[in-house]
Structure formats: C-alpha cells, structure tokens
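The values are calculated or read from the model by the stated rules, or taken from the named source; none is laboratory data. Given the structure is predicted, the values throughout are model-derived calculations rather than measurements. Here Cβ is always computed from backbone atoms with ideal geometry, including for glycine, and neighbour counts include all displayed protein chains.
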Amino acid sequence: MKKKENSKEEFAPEENKYQQKQPIRHPLAKIVLDENKIKINEQLYKIVIDKFDAIDVEMLREKYDPYLNQYDFLVGDISSDHLRLKGFYKDNVRTSIDRKQKAIADYLTEYCNPGGAYFVLQLISPVHHYNTNTHLHEKQNREYHKKRYSKKNMEFSFKKKKVHRTKFKKRQTVAVKKSRGKHQAFVIKKKKRGKKNEERL
C-alpha cells in the first residue's frame, strides 16, 4: 500500500504558478459602479469602452494600485482570467509618446489578445493640471541662455593665456661630394657632430 501511495505522489501533476493567486501588496480599492461611470477610491472615471463586459468589480478591487491615480486614462485587458492595467496621460502632457492617449489604440492591437475583453476609463475628477505652455518654457530658456552666455560672463569664464612656441634646433648638415669615374657624381649629406661626440672620437 505504501508503494502505491508513493507512486501516486510522484506522478501527481504540479500546480501551475500562473494559475495561483498572487499576494496583494496594496489595500483593496473601494469601487462603486454606475451605468456610465465608475468610482475607484476617490477617483471618478467615465467608462469609454467596455468590450465584452470586461469590467469585473472583484478583479479590479484586487488589481488596482494607488500608483495609477496619476494617469488620465486607464486601460484594462483580461487574458487567461487575469486583469492587466495600464495608465496613459493626455496628449498635451510632456511625456514619452507610448504613454500618451494617442498610443492606446496601438497598445490594444500590439499587447492585448485579439478578440479579448478590455475596457478604457477616462478620469473625470480630480482633474490633473499640467504646465502645457511650451512658449513660456522656451522664453525662459532663452533668457537663461542669454544671461549665462553674455559677453561679461564669457570674459570671466575664459581667461586669455599666452601660448609659448617650442623652438626646435635645426639639423645641421654638411654636403660631401664624391665622384666615381668620369661621368658619375653624387652628393652625400652628413650630420654635424657635436663637441662631445668629436671629443669621444
């Protein structure tokens, strides 16, 4: 009997790690669902798209992280009974292109399962205010560069220094004419030896 029990334990199928419930590392969200609106904690969202009734209150309560409060749009897609959330900003926010509202369509086609359930939420309140005045920002940059790179500042930052040229001694050569035969003649140039070399010789 013991041998049979051991054999059953050996051939027992292992549990799939992806099917196991992951531990929740943040407090559960408070969710109130209306017809076209949903309130998550203190954030009120408008339901833009809810394909195949993708909004599951229980799954959203467990998955929603307060870190997502900063985004203007939330996209949630369901694959293999798991909810994945992704945040996006408005188009006028100065951030990377893949985190803007215009990138939501590309995200759904590239990263979500084709034909899968998903939803898109738009933040209504609180409204996020961003500094989108690019002309003012450019003007401030110009004024800063003018002050920094003015003539007075450039004079203090760069000091004039005299550059001393290094003098190299010219090689002294002596021409020695040699001749071989009647018609052939050539010149050999030799270096002059210093006094030290002459004394040694």
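Please go through the range 56-85 and pick out each residue that is among the charged types (D, E, K, R) and buried (at least 18 other Cβ atoms within 10 Å of the Cβ). 63, 72, 77, listed by residue number. Restricting the first member to the range 78-91 and to residues that are of a type in the set (D, E, K, R), and the second to residues that are crowded, with 19+ Cβ neighbours inside 10 Å and assigned to a strand (DSSP E or B), the beta-carbon pairs closer than 7 Å and six or more apart or on different chains are 84/76; 84/77; 86/75. Restricting 96, 7 to those that are surrounded by fewer than 16 Cβ atoms within 10 Å (Cβ to Cβ) and at pLDDT below 90 reduces the list to 7. If you go through the range 100-133 and pick out every residue that is part of a loop (DSSP other than H, G, I, E, B), hydroxyl-bearing (Ser, Thr, Tyr) and under 19 Å from residue 45 (Cβ atoms), you end up with 1.
Exactly one residue among 73, 156 is at pLDDT 70 or above and not small (Gly, Ala, Ser), and that residue is 73.
For residue 127, are the conditions met, namely being modelled with pLDDT of 85 or more, touching a Phe, Trp or Tyr at 6+ places or on another chain (Cβ under 6 Å), of a type in the set (A, V, I, L, M, F, W, C) and closer than 30 Å to residue 39 by Cβ? Spelling it out, it is not the case that residue 127 is modelled with pLDDT of 85 or more, touching a Phe, Trp or Tyr at 6+ places or on another chain (Cβ under 6 Å), of a type in the set (A, V, I, L, M, F, W, C) and closer than 30 Å to residue 39 by Cβ. All conditions but one from (1) modelled with pLDDT of 90 or more; (2) not in a helix (DSSP H, G or I) apply to residue 68; the one that does not is (2).
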